[in-house]
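*Asks:* Starting off with a structure, shown below.
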Amino acid sequence: MKATPAAQQELLRLQALDTRLQQIAHRLGSLPQAEQLAELGRRDDAARRRRTEASGALDDARAELKRVESDVDVVEARIVRDDARLAASTSVKDVAGLESELTSLRKRLSDLEDIELAVMERVEELERDVHGIDDEREDIGSEVTRVSDERDEAAGALTTERDQASRDRAAIAEGLPDDLEAFYERRRVAGGGIGAALLRQRTCGGCTITLTGSDLEDVRRAADDEVLQCPDCDRILVRTDESGL
């Protein structure tokens, strides 16, 4: 393939921009805030699971409290009824029976009130747990907002730089012969992102191998407009005054 030395040297500018674009893409994909946000997400997921468990336990405790309160209401109502019957009764046998039942009912009421107090304390404790988890998740949300803002700011600067580099690359590529650009692209794909390298002091900038013997002689004898490739890595070798030929 033939191309003017000037066109070949433009490949170095194109390569520099392609390398820069790769670096920017890597930085965009590995912003430190990304890992911070991932960790915050894991913390929030764990807090959300704990809240679900605590909320379920709170619902169960509240349901139990309602059942106990209902039982207390029933026993209190029976005590009121039996007290009224006792006050109105003239039968010794009925009085004895009512007094015995009232003793049992008051013992039952005392037991229920103890249970009610214990359940109320459990409800209050679970409510504190749920509120504490809600506060924790609110703090995590605030941190997510802060870190997201930092990420967006960093990504915005990189995106601006990427867009400028892309425009510069397009301008250079537009001025290259189509066949040379296409050849460069093939070499870049095959070369892991490097399609053209400067030959400096007889050393390939792509693979850092120094040309010697017949390989070096072939390069020295080649015409200036001959598009050369490194015999070791197949990348395009661009010759300049720095090549040491």
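The values are calculated or read from the model by the stated rules, or taken from the named source; none is laboratory data. Keep in mind it's a predicted model, so treat the numbers as computed, not measured. Because the Cβ atoms are built from the backbone with ideal geometry, glycine has one as well, and the counts that use them run over all protein chains shown. With ligands, DNA and RNA removed, areas are computed over all heavy atoms of the protein, side chains included. Shrake-Rupley method; radii C 1.70, N 1.55, O 1.52, S 1.80 Å.
*Asks:* Which value at 222 nm does the chain reach when only helices count, each DSSP H run of 4 or more adding -39,500 (n - 2.57), with the total divided by all residues and rounded to the nearest 500 deg cm²/dmol? Could you put the intermediate results ahead of the total?
*Replies:* On the way: 5 runs with 187 residues, N = 245.
Rounded to the nearest 500, it is -28000 deg cm²/dmol.
*Asks:* Please report the relative contact order for the chain, taking Cα pairs under 8 Å with a sequence separation of at least 6, and give it as a percent rounded to a whole number.
*Replies:* Values: 220 pairs, mean separation 79.5, N = 245.
Answer for the chain is 32 percent.
*Asks:* What ranking, highest mean first, results for peptides 38-47, 53-62, 2-11 when packing means the other Cβ atoms within 10 Å averaged over each residue?
*Replies:* Details: 38-47: 13.5, 53-62: 15.3, 2-11: 17.6.
Packing order, densest peptide first, comes out as 2-11, 53-62, 38-47.
*Asks:* First compute the accessible area of segment 4-113 with a 1.4 Å probe, then give the percent of it belonging to carbon and sulfur atoms.
*Replies:* Carbon and sulfur together cover 53 percent of it.
*Asks:* Also, quick follow-up: Taking segment 114-191 on its own, what percent of its Cα-Cα pair distances exceed 22 Å?
*Replies:* Working: 1925 of 3003 pairs.
For segment 114-191, the share of Cα pairs beyond 22 Å comes to 64 percent.
*Asks:* Full-extension gain between residue 69 and residue 128, please, as 0.36 nm times their residue separation minus the C-alpha to C-alpha distance. Spell out each step's value before the answer.
*Replies:* Working: separation 59, 0.36 × 59 = 21.24 nm, distance 2.16 nm.
That pair, residue 69 and residue 128, stretches by 19.1 nm at full extension.
*Asks:* Whose amide H sits under 5 Å from the amide H of residue 245, counting only residues 5 or more places off or on another chain, with H placed in the peptide plane?
*Replies:* For residue 245, whose amide H was placed from the backbone, there are no distant partners under 5 Å.
*Asks:* So which lysines can residue 66 reach, going by Cα to Cα under 27 Å and dropping same-chain residues fewer than 8 places off?
*Replies:* 107
*Asks:* Given a 1.4 angstrom probe, what's the average accessible area per residue across the chain, in square angstrom? Mind dumping the intermediate values first?
*Replies:* Details: 14640 Å² over 245 residues.
Solvent-accessible surface per residue comes out at 60 Å².
*Asks:* Under the √(5λ) rule applied to the eigenvalues of the Cα gyration tensor, what semi-axes describe the equivalent ellipsoid of the chain? Give them in Å, descending. Don't skip to the end; give the middle numbers.
*Replies:* Numbers: eigenvalues 1665, 48, 29 Å².
In descending order, the three semi-axes are 91, 15, 12 Å.
*Asks:* For segment 33-141, divide the Cα radius of gyration by the Kirkwood radius and give the resulting Rg/Rh value with two decimals. Provide the component values of the computation, followed by the final result.
*Replies:* On the way: Rg = 24.0 Å, Rh = 17.4 Å.
Result for segment 33-141 is an Rg/Rh of 1.38.
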